[in-house]
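Some notes on the structure that comes next.
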Amino acid sequence: MLFLEILALFMGAMYLWMGARIVFYGQVGLINNYFADQKAGNVDEAYARRYGLISLCCGAPCAAAGLFGLLSGDKLLSAVLLLACIIGSLGLFKINRLRSVRG
């Protein structure tokens, strides 16, 4: 359980960092294969903006869930929160990709 809590805290911090770099500084190169997909015409700038916003919006709850798990004694609730954050963020990334891919 401790491993999952630390993982969620680290993952939330990475999502926040990456989302801030994409949204505020325009570093779309942090997105895997973005330039190749853009060159092929599969994605556009709106995809990158949504990806950055999803990273920002999912990073805070993931980090908070990891911190809650570390500080609280309720392991069941922290496990449910961690799974909800991880599955929710992965689902949002997948929906964004499906929405943006042209083909």
A careful count of residues in region 21-58 that are surrounded by fewer than 16 Cβ atoms within 10 Å (Cβ to Cβ), over 19 Å from Ile86 (Cβ atoms) and out of contact with any Ser or Thr (no Cβ under 8 Å at 6 or more places or on another chain) gives 13
Is it fair to say Phe24 is free of Cβ contacts under 8 Å to residues at least 12 places away in the same chain, assigned to a helix (DSSP H, G or I), more than 14 Å from the chain's Cα centre (by Cα) and farther than 20 Å from Arg99 by Cα? yes
Out of contact with any strand residue (DSSP E or B) (no Cβ under 9 Å at 6 or more places or on another chain), without any contact (Cβ under 8 Å) to a residue 24 or more places away in the chain, surrounded by 11 or more Cβ atoms within 10 Å (Cβ to Cβ) and in a helix (DSSP H, G or I): does that describe Leu77? yes
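Here, each number is a calculation from the coordinates, and none is a lab measurement. Since this is a predicted model, take the numbers as computed values, not measurements. Because the Cβ atoms are built from the backbone with ideal geometry, glycine has one as well, and the counts that use them run over all protein chains shown.
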